[in-house]
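Reading through the structure tokens given below for one structure.
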Amino acid sequence: MTTEKKYSVLFVDDEKRILTALRSIFRREYDVHIANGGEEALAILAENEINVIVSDQRMPNMLGNELLAEVHKLYPKTMRLLLTGFMDKEAIIRTINEGEIYRFINKPWRNDEIHKTIAEAALASEFDVIENIDHQAVNEEGNTFLKDIAGNNPDQGIVMMGSSQELRNQIRQVCRQHDINIYGTQSIPQAVGVVSARSAIGVAIIELPVNTDEAMQTINVLKEKRPELISIVLTTETDAETAVELINSGQVFRYLAKPLEDKQLETAIEQAFTRHHVLTTHSGAKKRYKVEKTTRSITSSIKELFSSFGRLAKKA
């Protein structure tokens with residue numbers, strides 16, 4: 001007789017009452033560990049296989065985003081969630097770009113939502129993280145990692161959605177150096193059309209417009225339709241609420257403020273193609289980057305854009 005696997009969850013918070021409440025909610029379903037700070041959490045991780053870590057943000061000595069960045073480096077298979085009752089913009093953005101978290105959970109939480117999120121994260125933790133690409137090995141013949149990918153798939157490319165000519169030129173320069181195709185678009189319909197028709201596009205670089213509503217809807221639906229497509233979102237003015245939605249509803253890979261240094265842009269693109277390569281060669285890994293349905297109402301124009309998505313992709 002087999003018994004259902006009991007996943008392990010580590011809750012980290014400096015408030016005892018929060019830890020007590022979380023342990024009470026989850027102890028029947030999970031092997032629950034608790035820690036009152038980052039150092040204690042890392043000690044528990046060193047001794048136990050943890051499937052999911054849920055950390056508060058505001059803690060003494062080590063902030064939640066700092067802890068999750070360390071967990072990402074040391075225990076990449078552990079699914080990372082940030083529990084926060086406030087909107088610290090810089091911390092949230094660092095958590096996206098350095099901690100690569102699965103979800104943000106707002107305090108006070110709703111029991112049904114936190115149950116669902118942790119259950120999904122626990123299941124996703126079953127799938128291995130395979131991103132330790134040996135860049136030295138692929139560079140033996142003088143090729144960069146991106147050139148190696150392009151050599152294996154000459155149609156490999158980036159779609160860029162935005163109006164900044166300076167940024168477009170900057171991206172073109174990086175792509176030219178590494179033999180990566182770039183498809184520049186200036187509107188959502190153009191970008192969706194390009195992605196629909198070209199299955200080899202691995203990365204989308206999206207400039208958030210002033211009115212973000214349609215762009216956010218598009219990012220959400222693109223990730224649902226093409227989970228292996230990696231999004232880098234650029235903006236003049238970063239925003240905490242937008243950042244939370246970009247993760248929960250879009251699983252964006254990077255959320256970066258313009259202007260970018262050339263090396264910063266090149267590194268982001270290389271890391272994005274590494275992630276894309278993993279997701280296309282290890283299909284189970286896609287479950288680690290599942291998105292929630294957007295809370296925004298999908299407009300009829302966006303629905304119409306995506307209605308032919310599957311048919312166009314099959315023709316490509």
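We did not get these values from a lab; they are worked out from the coordinates using the rules stated. All figures in this text were calculated on a predicted structure; none of them were measured in a lab. Cβ placement follows ideal geometry from the backbone for every residue including glycine, while neighbour counts extend to all protein chains displayed.
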If the chain between Ala257 and Glu241 were fully extended at 0.36 nm per residue, the gain over the current Cα-Cα distance would be 4.3 nm
Normalised Cα Rg of segment 224-271, dividing by 2.2 N^0.38 Å with N its residue count, works out at 1.19
Rounded to one decimal in nm, the spacing of the 7 Å Cα→Cβ label points at Gln177 and Thr280 is 2.2 nm
Under the 7 Å Cα-to-Cβ spin-label approximation, Arg27 and Ser164 lie apart by a distance in nanometres of 5.1 nm
If amide H atoms are modeled at 1.01 Å from N in the peptide plane, then the residues at a separation of 5 or more from Ile105, or on another chain, having amide H under 5 Å from its own are Leu82, Leu83, Thr84
Lys73 and Asp213 label points (each 7 Å along its Cα→Cβ direction) are spaced in nm at 4.3 nm
Row for segment 8-124, column shape: gyration tensor on C-alpha, a ≥ b ≥ c, rounded if a/c < 1.5 i.e. under 1.5, prolate if a/b over b/c, else oblate; value rounded
Computed over segment 8-124, the relative contact order (Cα-Cα under 8 Å, seq sep at least six) in percent reads 22 percent
For segment 1-99, listing chymotrypsin sites (Phe, Trp or Tyr not before Pro) in a DSSP loop whose Cβ sees at most 12 other Cβ atoms within 10 Å gives Phe86
Rounded to 0.05, the calculated FRET efficiency for the beta carbons of Glu224 and Asp14 at R₀ = 41 Å is 0.65
